[in-house]
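Written below as structure tokens is the structure these notes are about.
The values are calculated or read from the model by the stated rules, or taken from the named source; none is laboratory data. Quantities reported herein were computed from a predicted structural model and do not represent experimental measurements. All Cβ positions, glycine included, derive from the backbone under ideal geometry; neighbour counts span all protein chains shown. Ligands, DNA and RNA are stripped out before the accessible areas are found, and what is left, the full protein with its side chains, is counted by its heavy atoms. Shrake-Rupley method; radii C 1.70, N 1.55, O 1.52, S 1.80 Å.
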Amino acid sequence: MSGRGRQPDAAGLLDEALVRAVHRTGASGGSVYLLDQEEQTLVTAVMCGGPAEVTEPWWRLAVSRQSPAPQAVREDRLVWVGSQEDMARQYPRSAATFPHRTTMACVPLRGVHHCWGALSLSWHVGRSSQITRRDRGQIFFGARRIARVLDEAGHRPEIPDRPRVVPVHLAATEPVQPALAAADLVERLPEGVLAMDRTGRVTFVSNTAVDLLGRTHEQVLGRLLWEAVPWLGTGACMETYRAAWFSGEPVACTAERPPGRSFDIRLYPDGSGISVLLTPGRAAGAATEAAAAAGRIHQLMHLAAALTETVSVQDVVDLIEELVLPTFGADGLIMATAEAGRLVSIGSLGYDREVIDRLEGLPMDADVTPVGHALATGAPSFFANRAELSHGYPGTPQLSDKQAWAFLPLITSGRPIGCCVLAYSRPHDFSVDERATLTPLASLIAQALDRARLYDAKHDLAHALQKRLLPHALPTVAGLNVAARYLPTSHGLDIGGDFYDLVRLTDTSVAAVIGDVQGHDVTAAALMGQVRTAIHSHAVSGAGASPDKVLGRTNRDLTDLDPGRFITCLYAHVDLADRQVTFASAGHPPPLLHRPGHRATTVEVDPGPPLGIGFEAPYAVTTLSVPAGAVLALYTDGLVETPGTDIDETTADIARALADSSGLPLHDIIDSLVRRACPTGQHADDIALLLLQPTA
């Protein structure tokens, strides 16, 4: 059947929408990232303007990463990086892994119900580093078109293992040699000449070039250059390709064709592709060594920049798995620390749990195992095959099927804190370059691990403190459904000063409290405990006390303590017999109320001064009726404050989500509100929520 008139499928529509966005904005290339909700990562689904390999280091980006596309999704806004200097200033880690001169824009793909991911666009050097109103409009137009395609597909697209590449411009389906006159001109040149299209495939290659490369025309034409000539796909050459594709500027490098013949390679990019000149050089020597040294330095800069952003021990382990193993071709990892004279695994990859358990049981004697030797001497060990390991440590049992190892001691401040083992499933000769890179890398890992262990210890202490200070369970009250949730911030110590409480006053009345202590640290958590205790005490001791009196007395207590921080608080006296709620606010966000059959609205509560600032003033009270089945939502500002957005609009959006969730159990309503506020699961502030629903 002829394909004429056939409607494009969802993938084809997505490809077309991306190409249109690139054309409309004048970008040199673009990518569509899809949000993997389960793993909280952005995955490149489709791209144009270059081969997939050029962007391979950025195929998958954690949503929490400090990088343009993740930030666009987290903060639901356009992120503009006008120059390499802007990249270095705003995203130092990304600048180390992406040292290319280009202009970049990233914008979220906001669908009807959720965020699909992000659109990333890049422009060659020469474009203005400033974004205009027209630029912004064109970028958002392209993003809306892509989001609409994803909405209309009716289902979330499958997350791919590697991106699909589509051409920016229509091209011939088969590689063709140019006119004979042009070919004759090229053949008279002493250099080898070849051309690549924007996808990296070779469209022309001269006779001199195939001779220099040691290939035939058939082996090169129509293929990706680094696949046809593997030694042109090394780290230094690939970085040069990336620089050419992203910047649009001429670049050069030196490559070595085995066994020891070097070439100068010059790349001249434009909008249609890249022209490549190959010039034979002398036998590999100083230039090749300099290129190798530059590659090692780049690797270390890349990994060092990434390690500076790790926070927990698990972050360090995940980073090594993500970056170090692929960089050095390893497929097995063991990260272990020395504790009380024994080895304790803190992370592994490519090993069964039984193997790790047996490893932890081995003695730490330096003469028995290479791990013990690394910890005792601080010297790394490299074993290219099993015979070398057996010769050096005949007493070491064979625990797995691995065939080569690098044992890297993790030493900081002159003391060993653990060992990192990289393993290979096949014999592996460690080159001088690899050893020269892995040895200082182990020191960087050790420093990051030492910081992470200290962080984890503080985190565990702070988390335990906060769990003790928040209520373990809310009291059961006849005639009232209650649900509460506390969500720590996605960054930092996972601890803050947000709190909630429900205090039984009489058989038919309760006090509902929600508050926020300034800061995200142990001090904030400790002060939060004092505030809860004070409010609880004043509420219970004067069951008939009005909300304004309770807040006034609590304010005096805190002023005497001189906490050095302010506290916002909302106190609600719930009279279940009369179905009335009386509020008093100490500078806290107003509650939301949804009555069955009506829109959810913000309760207008006149806010008084925050607690603990040393300023005494009367707190106004607000009373309203709350019928059976209505839902009253008390929350902290983390639910409605998002950088770059208007808080009134965000609050109105949460109110709509509250109404849309009508009829659901209260815990499901909380889930709905949190999803609406934090579609990516990331939030810059902690969140407390308390829902109340009088029953018939």
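Only one entry in 54, 73 is among the hydrophobic types (A, V, I, L, M, F, W, C), surrounded by 17 or more Cβ atoms within 10 Å (Cβ to Cβ), in a helix (DSSP H, G or I) and out of contact with any strand residue (DSSP E or B) (no Cβ under 8 Å at 6 or more places or on another chain), namely 54. In the stretch 70-93, the residues that are touching a residue at least 60 places away in the same chain (Cβ under 8 Å) reach residues that are open to solvent by 10 Å² or more (accessible area, probe 1.4 Å) and assigned to a helix (DSSP H, G or I) with C-beta atoms within less than 9 angstrom, at least six apart or across chains, in these pairs: 77/71; 78/136; 78/140; 92/305; 93/302; 93/305.
Selection over the stretch 30-55 of residues that are at pLDDT below 90 and under 12 Å from residue 245 (Cβ atoms) gives a count of 7. Within the stretch 401-439, the only residue that satisfies the criterion of being open to solvent by 30 Å² or more (accessible area, probe 1.4 Å), within 21 Å of residue 338 (Cβ to Cβ), touching a helix residue (DSSP H, G or I) at 6+ places or on another chain (Cβ under 9 Å) and polar (S, T, N, Q) is 413. For the stretch 452-511, a residue qualifies if it is aliphatic (A, V, I, L, M), in contact with a helix residue (DSSP H, G or I) (Cβ under 7 Å, 6 or more places away or on another chain) and modelled with pLDDT under 80, and the qualifying residues are 462, 465, 469, 493, 495.
Quick check, is residue 620 small (Gly, Ala, Ser) and crowded, with 21+ Cβ neighbours inside 10 Å? Spelling it out, it is not the case that residue 620 is small (Gly, Ala, Ser) and crowded, with 21+ Cβ neighbours inside 10 Å. Restricting attention to the stretch 82-103 and to residues that are among the basic types (Lys, Arg) and open to solvent by 50 Å² or more (accessible area, probe 1.4 Å), the residue that is modelled with the highest pLDDT turns out to be 101. With respect to the conditions (1) more than 43 Å from the chain's Cα centre (by Cα); (2) in a strand (DSSP E or B); (3) within 24 Å of residue 660 (Cβ to Cβ), residue 627 falls short on a single one, namely (2).
The helices (runs of 4 or more DSSP H) found entirely in the stretch 177-242 that carry 1 or more residues being open to solvent by less than 50 Å² (accessible area, probe 1.4 Å) and at pLDDT 85 or above are 207-213, 217-220, 225-228. Condition test on residue 567, is it buried (at least 17 other Cβ atoms within 10 Å of the Cβ) and closer than 14 Å to residue 503 by Cα? When the stated conditions are applied, residue 567 does not pass them. Selection of the stretch 496-538 for residues being within 18 Å of residue 461 (Cβ to Cβ), crowded, with 24+ Cβ neighbours inside 10 Å and in contact with a Ser or Thr (Cβ under 7 Å, 6 or more places away or on another chain) yields only 496.
The single condition among (1) out of contact with any Lys or Arg (no Cβ under 7 Å at 6 or more places or on another chain); (2) outside any loop (DSSP other than H, G, I, E, B); (3) open to solvent by less than 40 Å² (accessible area, probe 1.4 Å) that residue 654 does not satisfy is (1). Screening residue 122 against (1) assigned to a strand (DSSP E or B); (2) of a type in the set (Gly, Ala, Ser); (3) within 30 Å of residue 639 (Cβ to Cβ) leaves a single unmet condition, (3). Residues that are of a type outside the set (Lys, Arg), more than 31 Å from the chain's Cα centre (by Cα) and open to solvent by 40 Å² or more (accessible area, probe 1.4 Å) do not occur anywhere in the stretch 327-337. Being at pLDDT below 90 and over 17 Å from residue 515 (Cα atoms), is that true of even one residue in the stretch 619-639? No; the residues of the stretch 619-639 include none that is at pLDDT below 90 and over 17 Å from residue 515 (Cα atoms).
Suppose the filter is over 16 Å from the mean Cα position of the chain (by Cα) and either more than 24 Å from residue 248 (Cα to Cα) or open to solvent by less than 10 Å² (accessible area, probe 1.4 Å) (or both); does residue 42 pass it? No, not satisfied.
Within the stretch 409-421, at least one residue is closer than 15 Å to residue 351 by Cα and either under 28 Å from the mean Cα position of the chain (by Cα) or at pLDDT 85 or above (or both). Residues that are among the hydrophobic types (A, V, I, L, M, F, W, C) and at pLDDT below 65 within the stretch 270-299 comprise 283, 284, 286, 287, 290, 291, 292, 293, 294, 297, listed in sequence order. Yes or no: residue 394 open to solvent by 10 Å² or more (accessible area, probe 1.4 Å) and either within 24 Å of residue 312 (Cβ to Cβ) or at pLDDT 85 or above (or both)? Against the criterion (open to solvent by 10 Å² or more (accessible area, probe 1.4 Å) and either within 24 Å of residue 312 (Cβ to Cβ) or at pLDDT 85 or above (or both)), residue 394 does not qualify. Scoring residue 607 on the criteria (1) in contact (Cβ under 8 Å) with a residue 24 or more places away in the chain; (2) within 23 Å of residue 558 (Cβ to Cβ) leaves a single failure, condition (1). Applying a threshold of 6 Å to beta carbon distances and a minimum spacing of six or more residues, or different chains, the list of pairs starting in the stretch 3-24 at a residue that is farther than 17 Å from residue 117 by Cα and at pLDDT 85 or above and ending at one that is open to solvent by 20 Å² or more (accessible area, probe 1.4 Å) and of a type in the set (S, T, N, Q) reads 24/138. Take residue 116 and tell me if it is under 16 Å from the mean Cα position of the chain (by Cα), of a type outside the set (S, T, N, Q), in a strand (DSSP E or B) and modelled with pLDDT of 85 or more. Yes. Scanning the stretch 648-696 for residues that are touching a His at 6+ places or on another chain (Cβ under 6 Å) and either modelled with pLDDT of 95 or more or within 16 Å of residue 630 (Cβ to Cβ) (or both) returns 658, 659. Across the stretch 587-615, the number of residues qualifying as crowded, with 19+ Cβ neighbours inside 10 Å, part of a strand (DSSP E or B) and within 36 Å of the chain's Cα centre (by Cα) comes to 3.
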